[in-house]
1. Listed residues Leu217, Leu295; which is closer than 30 Å to Lys180 by Cβ, surrounded by 16 or more Cβ atoms within 10 Å (Cβ to Cβ) and hydrophobic (A, V, I, L, M, F, W, C)?
2. Which one of the conditions (1) of a type in the set (Ser, Thr, Tyr); (2) without any contact (Cβ under 8 Å) to a residue 40 or more places away in the chain; (3) not in a helix (DSSP H, G or I) does Thr65 fail to meet, given that it meets all the rest?
3. When you go through Gly19, Gly63, Gly42 one by one, which is the residue that is farther than 15 Å from His162 by Cβ and either β-branched (Val, Ile, Thr) or modelled with pLDDT under 95 (or both)?
4. If the Cβ limit is 8 Å and pairs must be 6+ apart or interchain, which residue in region 111-122 that is basic (Lys, Arg) pairs with which residue that is not in a helix (DSSP H, G or I)?
5. Among the residues of region 182-209, write down those that are open to solvent by 60 Å² or more (accessible area, probe 1.4 Å) and either at pLDDT 90 or above or part of a strand (DSSP E or B) (or both).
6. Name the single residue, out of those in region 6-39 being open to solvent by less than 30 Å² (accessible area, probe 1.4 Å) and in a helix (DSSP H, G or I), that is farthest from Val228 (Cα to Cα).
7. Considering (1) out of contact with any strand residue (DSSP E or B) (no Cβ under 9 Å at 6 or more places or on another chain); (2) open to solvent by 10 Å² or more (accessible area, probe 1.4 Å); (3) assigned to a loop (DSSP other than H, G, I, E, B), say which one Asp257 fails and leave the rest.
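The values are calculated or read from the model by the stated rules, or taken from the named source; none is laboratory data. Just so it is clear, the structure is predicted and the values come from calculations on it, not from any experiment. FYI the Cβ positions are ideal-geometry reconstructions off the backbone, even for glycines, and counts take in every protein chain you see. Heads up: the accessible areas ignore ligands, DNA and RNA and are worked out on the full protein's heavy atoms, side chains in. Shrake-Rupley method; radii C 1.70, N 1.55, O 1.52, S 1.80 Å.
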Amino acid sequence: MKTMGLNLVRIPVPHFIFGEKKPYVGCIEYLDKAFDWGEKYGLKILIDLHTVPDSQNGFDNGGLTGVVKWHHKPENIEYTLDVLDALAERYAGRSNLYGIELLNEPISEAMWQVTRKRYRVRDPKRAEGSTSVPTELLKDFYLRGYEVVRRHCGDDVAVVLHDGFRLEEWEDFMRGPEYKNVVIDTHMYVGGLESHMESREMADYAREIEENFEKALERAQQFHSVIVGEWCIANKSAHIKDADDEEKKRIYQMISDMELKAWDKCDGWIFWSYKLHTPGRNDWDFERAVDAGWLVL
């Protein structure tokens, strides 16, 4: 990672990382190792709390597809804050701790209406009553999470807030002098744009990226430090489907160039993911995309 020019790794961790939530298996020792490796090679680490009990989004990467009930129980929120407290206390003294992300992708109502049709519900009874995470509840959680992190970590450690798929909601939030080093994380995927990109030309991609990404980042950056904490070059262009290797390379380079131009409007970006175990999916795999010449930094 270091030799490829990267300087930070965002590490998703589960709420059961400390091993106290049976039957889940803890894994804190691997995060310890990651900090050791990061210090050795000069890489910063962003700890990302990626899952919470009863799920905050219903996504497959949240552990419970179709279930969004984390915020229905006060004890879930208290437990989440306890996990953040333990993480902040454990890593506060590490020189390569960039920040702690309080919660990954808490789902908005608009996103919930779209994605609830995408993910198969594994446990219909458990999914009953699932709802999106209200903005006011999320803001209260973020305020409390900020205090938890600052209890152990100085202002040099970023407190990272995912925008919850509602980037415009945070313009006036936590902007007072008492809040230091607050960073908004927004996730921007070309494949997630609402228009039907399959039949579009490259000029349409450029227009979509400028309207949906560049301008949004430029505005958000006026209020907070902003990072694009997840993106990739996967897309739905019909031109790629039947293209030969050289044509694919040309198209992917054009799309990645457009995205990188948009990311210049904010303070940094993190590609999802560095390495996958799925053969042939270079558009989601940073290492393979760079090696194939699809992504040129």
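1. Working: Leu295 fails: closer than 30 Å to Lys180 by Cβ.
It is Leu217.
2. So the condition that Thr65 fails would be (2).
3. Values: Gly19 fails: either β-branched (Val, Ile, Thr) or modelled with pLDDT under 95 (or both); Gly42 fails: either β-branched (Val, Ile, Thr) or modelled with pLDDT under 95 (or both).
Of Gly19, Gly63, Gly42, the one residue that is farther than 15 Å from His162 by Cβ and either β-branched (Val, Ile, Thr) or modelled with pLDDT under 95 (or both) is Gly63.
4. Short answer, once both residue conditions are applied: Arg116/Gly58; Arg116/Gly66; Arg116/Ser130; Arg120/Thr65; Arg120/Gly66; Arg122/Leu64; Arg122/Thr65; Arg122/Gly66.
5. The answer is none; no residue qualifies.
6. Within region 6-39, the match that is farthest from Val228 (Cα to Cα) is Ile28.
7. So Asp257 meets the others, but not (3).
Residues checked against (1) polar (S, T, N, Q); (2) modelled with pLDDT under 95; (3) loosely packed, with under 12 Cβ neighbours inside 10 Å:
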{"site": "Tyr98", "(1), (2), (3)": "no, no, no"}
{"site": "Pro106", "(1), (2), (3)": "no, no, no"}
{"site": "Gln113", "(1), (2), (3)": "yes, yes, yes"}
{"site": "Arg116", "(1), (2), (3)": "no, yes, no"}
{"site": "Asp123", "(1), (2), (3)": "no, yes, yes"}
{"site": "Thr135", "(1), (2), (3)": "yes, no, no"}
{"site": "Asp140", "(1), (2), (3)": "no, no, no"}
{"site": "Arg151", "(1), (2), (3)": "no, no, no"}
